[in-house]
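Q: Here it is, the structure, as structure tokens.
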Amino acid sequence: MEAVLSLFFIHTNMFDIFQYGFILRGLEAGLIIAVIAPLIGIFLVLRRYSLIADTLSHVSLAGIALGLLLKINPIITALIASISSSIFIEKLRINKKVYGESALSIFLSGSLAIAIVLIGIAKGFNINLFNYLFGSIVTVKQIDVYLIGILGMVVIGLIIFFYKELVYVTFDEESAKVSGINTNFINTLLIVLAALTVSLAIPIVGILLVSALIVLPVVTALQFKKSFKQTILIAEVISIVSVFLGIFVSYYLNLATGGTIVLIALGIFFLSLFF
């Protein structure tokens with residue numbers, strides 16, 4: 001009887017998590033990000049362009065620092081900074097004025113320098129900035145959930161609409177160009193969607209870990225050597241499970257949300273190596 005009561009107590013306590021508004025907001029935002037991250041990640045990984053996620057996350061840090069300084073919603077300023085930078089990076093690559101990796105390195109270091117200067121100018125928002133660096137569901141407001149939801153649907157809609165073009169350009173850009181596809185537009189679209197995804201994911205997993213959520217589920221799914229669509233589906237499942245479990249585990253063990261999500265995704269990756 002005592003065992004049954006203890007099991008019931010544990011079971012009921014498990015669902016106490018749903019009593020808190022910030023947890024529900026974090027789960028809603030987290031699951032949206034979990035869906036869109038692998039959709040972008042599959043194209044970035046296959047094109048060996050994974051470093052763009054790291055670069056854009058550092059650009060977003062400068063945007064967030066500016067938002068906190070001006071007392072504007074940091075997600076909005078991060079979006080503006082990352083999207084404008086992504087377009088400029090792609091223009092540099094298209095014009096061949098700077099090699100792709102060099103452009104990423106310039107923006108990564110430059111945006112980090114800007115963020116450090118802004119942090120030095122505005123002393124006093126270190127706690128908020130710490131939450132954005134490492135991810136914290138406490139920072140997710142209801143307006144953020146709406147913003148993430150709307151822009152998440154935009155990302156998914158554009159990927160579905162340009163799916164064939166994105167796949168074609170990913171596997172054979174030269175043939176795609178010869179067949180009449182505007183490869184410059186598709187490449188710019190991809191990097192802008194990556195910028196959107198990175199900026200939206202920051203409140204959940206943090207600036208320092210956002211690229212891992214975009215890349216890890218995809219790299220794990222590729223280990224199973226399935227078709228392109230099956231790989232996307234596997235990556236989606238891994239991403240959703242990682243985010244869902246990460247939020248639960250971080251709440252009950254009092255751990256950092258972003259780090260917990262990424263560690264679970266990393267654990268699934270290492271398990272996939274054995275199968």
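Q: Of all the residues that make up the range 242-251, how many are at pLDDT 85 or above and more than 16 Å from ALA201 (Cβ to Cβ)?
A: 3
Q: Let me ask something additional. Only one of (1) among the charged types (D, E, K, R); (2) closer than 26 Å to PHE275 by Cβ; (3) part of a helix (DSSP H, G or I) fails for GLU174. Which number is that?
A: The one condition GLU174 does not meet is (2).
Q: If you don't mind, another one. Among ALA34, ALA3, ALA53, which is the only one that is among the small types (Gly, Ala, Ser), modelled with pLDDT of 85 or more and either crowded, with 24+ Cβ neighbours inside 10 Å or more than 28 Å from LEU158 (Cβ to Cβ) (or both)?
A: Only one candidate passes the filter, namely ALA34.
Q: Right, here's the next one. Got at least one residue in the range 152-169 being of a type in the set (D, E, K, R), at pLDDT 75 or above and surrounded by fewer than 13 Cβ atoms within 10 Å (Cβ to Cβ)?
A: yes
Q: Right, here's the next one. With respect to LEU189, is the statement that it is modelled with pLDDT of 90 or more, within 18 Å of SER84 (Cβ to Cβ) and part of a helix (DSSP H, G or I) true?
A: So LEU189 passes the test.
Q: Using the structure shown, decide if LEU70 is modelled with pLDDT under 90 and surrounded by fewer than 24 Cβ atoms within 10 Å (Cβ to Cβ).
A: yes
Q: Go through SER272, SER242, SER227 for me and flag whichever is buried (at least 20 other Cβ atoms within 10 Å of the Cβ) and polar (S, T, N, Q).
A: SER242 is the lone residue from the list that is buried (at least 20 other Cβ atoms within 10 Å of the Cβ) and polar (S, T, N, Q).
The values are calculated or read from the model by the stated rules, or taken from the named source; none is laboratory data. Keep in mind that this is a model prediction, so the values were computed, not measured. Ideal geometry is used to build each Cβ from the backbone, glycine not excepted, and the neighbour counts take in all protein chains shown.
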